[in-house]
Amino acid sequence: MMNLELKVFVVNPIQVNCYLLWDESKEAVIIDCGAWFPQEREAIKDFIVDNGLVLKHHLNTHLHFDHIFGNAFIEETFGVKAEANDADWPWAENIGERIARFGIQYDEKVPPLGRVLNDGDEITFGNQTIKAIAVPGHSPGSLAYHIPEHKVLFSGDALFRGSIGRTDFADSNHRELLMCIRDRLLTLPDDTKVYPGHEMETTIGLEKMYNMYIQ
């Protein structure tokens, strides 16, 4: 099995987990670069440059504003366009209006996606293959990213340690989210490590045993 390295940056006022992955090839993928503050962006850039990494993909689990603050930064700095499902595009297109409801001002324009991802699509970098899994419910276009060889899953805001994503948005669907978690995520091996969009990692086995939302 090839090595897979992982670095976590916790970014922006809403504390999003931004994940950077790479292997011995030095090719890298970043997931949910929600970096907003200049020092966060500089830290990510410096880490990539200082470690000689070549950024190949920027994957968004979904397009809620806290996960896409850094989309323009990544594209401008590394020439890498974000990839995600476009069912969430209204969140990105109207980011200024949507974020104003939370008392935050954001003036950058979110650039168009470079690739639209759907359930079952594969993303390759170095010697690795990532598989997209559709988990709508928190948002219509939510995707989880699974690397079967390493038994790791990046669940975005679908599944958390002991919890699930909020479903009180106008385009959320609580029943759909529960169904997708049970049918598409909890069917993965119990020792699959889950890296969520916020807070601490967990495993599929632990969530099957203790997550009260999906019992």
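The values are calculated or read from the model by the stated rules, or taken from the named source; none is laboratory data. Computed from a predicted model, the values in this text were never measured in an experiment. No Cβ is skipped: glycine too gets one built from the backbone with ideal geometry, and neighbour counts run over all protein chains shown.
Here are the numbers:
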quantity: Residues located in segment 91-137, provided they are closer than 17 Å to ALA72 by Cα, in a helix (DSSP H, G or I) and either in contact (Cβ under 8 Å) with a residue 12 or more places away in the chain or polar (S, T, N, Q) (or both); calculated: TRP91, ALA92, GLU93, ILE95, ILE99
quantity: Selection count, segment 69-114, where residues are within 15 Å of the chain's Cα centre (by Cα) and basic (Lys, Arg); calculated: 1
quantity: Pair list, Cβ under 9 Å, 6 or more apart: segment 175-189 residue touching a residue at least 12 places away in the same chain (Cβ under 8 Å) and at negative phi, other residue charged (D, E, K, R) and surrounded by 22 or more Cβ atoms within 10 Å (Cβ to Cβ); calculated: ILE181/GLU207; LEU185/GLU207; LEU186/GLU207
quantity: Selection count where residues are farther than 20 Å from GLU149 by Cα, in contact with a strand residue (DSSP E or B) (Cβ under 8 Å, 6 or more places away or on another chain), of a type outside the set (A, V, I, L, M, F, W, C) and part of a loop (DSSP other than H, G, I, E, B), scope segment 1-59; calculated: 3
quantity: Candidates ASP190, ASP183 - the one that is assigned to a loop (DSSP other than H, G, I, E, B) and at pLDDT 95 or above; calculated: ASP190
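Rundown of residues vs (1) at pLDDT 95 or above; (2) at positive phi; (3) out of contact with any Leu (no Cβ under 8 Å at 6 or more places or on another chain); (4) surrounded by 20 or more Cβ atoms within 10 Å (Cβ to Cβ), yes/no style:
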| position | (1), (2), (3), (4) |
| --- | --- |
| ALA132 | yes, no, no, yes |
| PRO140 | yes, no, yes, yes |
| HIS146 | yes, no, no, yes |
| ASP157 | yes, no, yes, yes |
| ARG166 | yes, no, yes, no |
